[in-house]
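So the structure is just underneath, and the comments pick up after that.
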Amino acid sequence: MATMSGRTAPFQSVRQALRLLETVAGCPDGLAEDELARRSGLPPQALPQLLRMLCHDGYLRRQTDGGYAAGQTLLALGSAEDRRQTRQARLQAALDALRDSIGAAIYLARYTDGELIVTHTSDTPDIPPVNEWVDFRSAAHATAIGKCLLGQLDDDGRRDHLARHRAARLTSRTITDQRTLLSSLDRQPATMPVLDLQEYAVGTLCAAVPLTAGASVACLALSLPVGQAHRLRRAAEALNRQAAPALLTLVV
């Protein structure tokens with residue numbers, strides 16, 4: 001009997017670990033250790049060693065309040081939709097961290113199938129986003145986001161976009177002449193943030209930096225009210241410095 005018990009002990013540990021994972025997987029917000037023991041039906045004395053092992057291997061993660069939630073290894077075993085949601089949550093958390101660090105609304109945009117698409121934003125009531133009074137897709141010529149994305153296209157791609165989206169005058173600062181716009185895109189240094197100084201909307205300043213990898217065309221941008229114009233250069237430099245290393249692997 002002792003021999004049989006010795007042989008089955010490893011399998012018992014596996015069953016207990018799986019029971020823990022099943023319990024945590026059903027509670028996205030995580031569970032405290034005592035609650036884990038109650039819901040899983042496992043003896044409390046068995047949990048510490050199992051939890052250490054599962055956290056070490058990434059199946060669980062220890063939360064700041066001492067509870068336990070699903071870790072990246074466990075999440076990666078989920079469905080394609082689960083993996084997509086996990087990736088989106090990580091991306092949004094990265095954008096939120098940039099927003100708080102820089103103190104400006106943050107935008108992630110792509111140029112896909114000939115159109116500008118803002119895929120993610122990060123803002124708060126105290127750090128509001130730009131009022132999109134004209135669809136961003138039709139205002140690439142006047143926004144930092146749009147000019148940053150157009151700047152990553154070749155000349156044919158830029159001309160094709162401008163032929164489909166005529167450059168309308170949105171403020172007195174908007175560049176509407178195609179030759180002037182194309183020339184400014186050609187002169188834009190690749191390592192410098194692209195700026196929008198009230199070209200899209202009176203009272204709003206924006207900056208954007210490219211996120212490129214292979215054929216992907218994307219950018220990160222920020223916006224500030226004109227009353228904070230003194231912060232624009234430093235904020236744009238911070239975006240340029242912090243954004244690409246933190247987000248490149250998440251957005252491409």
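Which fully enclosed helices (runs of 4 or more DSSP H) of the stretch 130-223 have 2 or more residues being under 20 Å from Leu239 (Cα atoms)?
So the answer is 144-150.
Residues of the stretch 160-193 being within 30 Å of the chain's Cα centre (by Cα) and of a type in the set (Lys, Arg), which ones?
Arg164, Arg187
Specify which of the listed residues (Thr174, Thr204, Thr191) is touching a Pro at 6+ places or on another chain (Cβ under 8 Å), of a type outside the set (A, V, I, L, M, F, W, C) and closer than 28 Å to Gly103 by Cβ.
Result: Thr204 is the single residue among Thr174, Thr204, Thr191 that is touching a Pro at 6+ places or on another chain (Cβ under 8 Å), of a type outside the set (A, V, I, L, M, F, W, C) and closer than 28 Å to Gly103 by Cβ.
Give me the residue from the stretch 11-38 that is part of a loop (DSSP other than H, G, I, E, B) and at pLDDT below 85 and, out of that set, most open to solvent (accessible area, probe 1.4 Å).
Looking at the filtered set, the residue picked out is Asp29.
When only residues in the stretch 95-117 that are in a strand (DSSP E or B) and crowded, with 18+ Cβ neighbours inside 10 Å count, which is nearest to the chain's Cα centre (by Cα)?
Leu108
Tally the residues that are farther than 13 Å from Ala25 by Cα and either assigned to a helix (DSSP H, G or I) or among the polar types (S, T, N, Q) (or both), restricting the search to the stretch 39-53. Give the derivation first.
First, pick out the residues of the stretch 39-53 that are farther than 13 Å from Ala25 by Cα: 41-53.
Right, trim to either assigned to a helix (DSSP H, G or I) or among the polar types (S, T, N, Q) (or both) and you get 44-53.
Residues flagged as farther than 13 Å from Ala25 by Cα and either assigned to a helix (DSSP H, G or I) or among the polar types (S, T, N, Q) (or both) within the stretch 39-53 amount to 10.
Looking at this structure, is Asp126 more than 23 Å from Arg234 (Cα to Cα) and open to solvent by 60 Å² or more (accessible area, probe 1.4 Å)?
no
Looking at the stretch 193-220, which of its residues are open to solvent by 30 Å² or more (accessible area, probe 1.4 Å) and without any contact (Cβ under 8 Å) to a residue 40 or more places away in the chain?
Leu197, Gln198, Val202, Ala213, Gly214, Ala215
What number goes with the only condition from (1) surrounded by 14 or more Cβ atoms within 10 Å (Cβ to Cβ); (2) touching a helix residue (DSSP H, G or I) at 6+ places or on another chain (Cβ under 7 Å); (3) not β-branched (Val, Ile, Thr) that Ala76 does not pass?
(1)
So which residues in the stretch 83-94 are loosely packed, with under 15 Cβ neighbours inside 10 Å and more than 10 Å from the chain's Cα centre (by Cα), if there are any at all?
Scanning the stretch 83-94 gives Arg83, Arg84, Gln85.
How many of the residues making up the stretch 39-65 are out of contact with any helix residue (DSSP H, G or I) (no Cβ under 7 Å at 6 or more places or on another chain) and open to solvent by 100 Å² or more (accessible area, probe 1.4 Å)?
Residues meeting the conditions: 6.
The values are calculated or read from the model by the stated rules, or taken from the named source; none is laboratory data. Being a predicted model, the structure only gives us computed values, none of them experimental. As a convention, Cβ positions derive from the backbone with ideal geometry for all residues, glycine included, and neighbour counts pool all protein chains shown. We work out accessible area using only protein heavy atoms, side chains counted, and drop any ligands, DNA or RNA first. Shrake-Rupley method; radii C 1.70, N 1.55, O 1.52, S 1.80 Å.
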